[in-house]
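Below is one structure, written out as structure tokens; comments come after it.
The values are calculated or read from the model by the stated rules, or taken from the named source; none is laboratory data. No experiment lies behind these values; they were computed from the predicted model shown. Here Cβ is always computed from backbone atoms with ideal geometry, including for glycine, and neighbour counts include all displayed protein chains. Each accessible area value is taken on the protein alone, full model and side chains, heavy atoms only, with ligands, DNA and RNA left out. Shrake-Rupley method; radii C 1.70, N 1.55, O 1.52, S 1.80 Å.
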Amino acid sequence: MSLNTFGHLFRVTTWGESHGPAIGCTVDGCPPGVTLSEADLQPWLDRRKPGQNKYTTQRKEPDEVRILSGVFEGKTTGTPIQLMIENTDQRSKDYGEIAGAFRPGHADITYHQKYGIRDYRGGGRSSARETASRVAAGGVARAALAALVPGLKITGYMVQMGVKGIDRARFDAVEIEQNPFWVPDAVAAVEWADYLDALRLSHNSVGAVIEVVADGVPAGLGAPLYAKLDSDLAAAMMSINAVKGVEIGEGMASAALTGVENADEIRMGLDGPEFLSNHAGGILGGISTGQPVVCRFAVKPTSSILTPRQTVTQAGQETDLITKGRHDPCVGIRAVPVGEAMMACVLLDHLLLDRGQTGGVRGRIG
């Protein structure tokens, strides 16, 4: 099995390769009666598509999504939704030199070791191009969430690029859409531009950390053990190309806290219990608390760079390799809308699971 499907009730299967004729996904389990059109999905794909500025790959793809099934007269039918995005700007000749050699830091070598065959044109399935399909599926999930949980909002942004992080004292959500890095810090956006320019011109790349926050998530989503909301979120984010670490709430930093510091204390408010902090990232015991769900993931530097790197060929010969082609100097930039999409898919999946098990019934407090 190649395991190209994720989700429990809301299930997404992605298909296609970076330099094939098209990529896409099959979305199964979407509730019927949800208003959905290609125009509803396209804005999310436009945020992820390549070639929008000098800080992303210059591959020019319109990423126009087509709905092939599962929608009738503008409403979902409850049957599988087939989405397709044509590839229009492949330059496979750029990858001729790596046909017999493995890019260091890339999945080339592991794909060959596992399957004995690999699509070297842009990396095939291991290319970040696959994430366009996830963003399309996330658009479907967002449409369903908007109908089922009005007011739920998902926002992603970068909090770190290489060694440079944001100053949370300057956090301004309005800034996220105002710069090419999706960074909520106007000062950092300027500094990061100079930083990435220098790296790009020196034929290098850099990693990043993305934070995704979901506000308005109802309490009670998830399960205590094998379908924890946070474990499914972690799996979803870790499945994104180039992601090497995921954390919820305080994450790794919680190891440095004491019990007094880490406990999210509770008081009664006018509408029920209120937490005085959110170190847990909106999830306790695998179940959402009603607070914002906070998830971060780390993306490694793009491995396809113009600086020579030592490697071996398929025949076992040692060589130095320069990877030509059009690549992101910081793949974390375009990972922001992908992280949002995966958050949407997981939240809808768990909302449907909860409706199936509890019918939305909640234990009373007060």
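I'd like the full set of residues that are assigned to a helix (DSSP H, G or I) and hydroxyl-bearing (S, T, Y), limited to the stretch 118-148.
Of everything in the stretch 118-148, those that are assigned to a helix (DSSP H, G or I) and hydroxyl-bearing (S, T, Y) turn out to be S126, T131, S133.
List, please: which pairs have Cβ atoms under 6 Å, are six or more places apart or on different chains, and start with a residue in the stretch 102-125 that is more than 14 Å from A242 (Cα to Cα) and end with one that is of a type in the set (S, T, Y) and open to solvent by 70 Å² or more (accessible area, probe 1.4 Å)?
What qualifies is R118/Y111.
Give me the residue from the stretch 312-352 that is among the acidic types (D, E) and without any contact (Cβ under 8 Å) to a residue 60 or more places away in the chain and, out of that set, most open to solvent (accessible area, probe 1.4 Å).
Of everything passing the filter in the stretch 312-352, E318 is most open to solvent (accessible area, probe 1.4 Å).
Any idea how many residues of the stretch 276-306 are open to solvent by 50 Å² or more (accessible area, probe 1.4 Å), farther than 12 Å from D230 by Cβ and in contact with a strand residue (DSSP E or B) (Cβ under 6 Å, 6 or more places away or on another chain)?
Qualifying residue count, the stretch 276-306: 1.
This table checks each residue for (1) out of contact with any strand residue (DSSP E or B) (no Cβ under 6 Å at 6 or more places or on another chain); (2) open to solvent by less than 60 Å² (accessible area, probe 1.4 Å).
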{"residue": "A186", "(1), (2)": "yes, yes"}
{"residue": "V190", "(1), (2)": "yes, no"}
{"residue": "Y226", "(1), (2)": "yes, no"}
{"residue": "A236", "(1), (2)": "yes, yes"}
{"residue": "S239", "(1), (2)": "yes, yes"}
{"residue": "I248", "(1), (2)": "no, yes"}
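Evaluate the following for I176: is it in a strand (DSSP E or B) and crowded, with 17+ Cβ neighbours inside 10 Å?
Criteria not met by I176.
Name the residues in the stretch 3-36 that are outside any strand (DSSP E or B), modelled with pLDDT of 95 or more and touching a Gly at 6+ places or on another chain (Cβ under 6 Å), would you?
Passing the criteria: L9, F10, P32.
Can you give me the number of residues within the stretch 190-233 that are free of Cβ contacts under 8 Å to residues at least 40 places away in the same chain, farther than 30 Å from R309 by Cα and not in a loop (DSSP other than H, G, I, E, B)?
Residues meeting the conditions: 1.
Being of a type in the set (K, R), under 24 Å from A141 (Cα atoms) and surrounded by fewer than 20 Cβ atoms within 10 Å (Cβ to Cβ) narrows it down to one of R309, R355, so name that one.
R355
What number of residues within the stretch 127-153 satisfy the criterion of being of a type in the set (V, I, T) and within 14 Å of the chain's Cα centre (by Cα)?
Qualifying residue count, the stretch 127-153: 2.
Could you list all residues from the stretch 252-275 that are in a strand (DSSP E or B), surrounded by 12 or more Cβ atoms within 10 Å (Cβ to Cβ) and charged (D, E, K, R)?
E274
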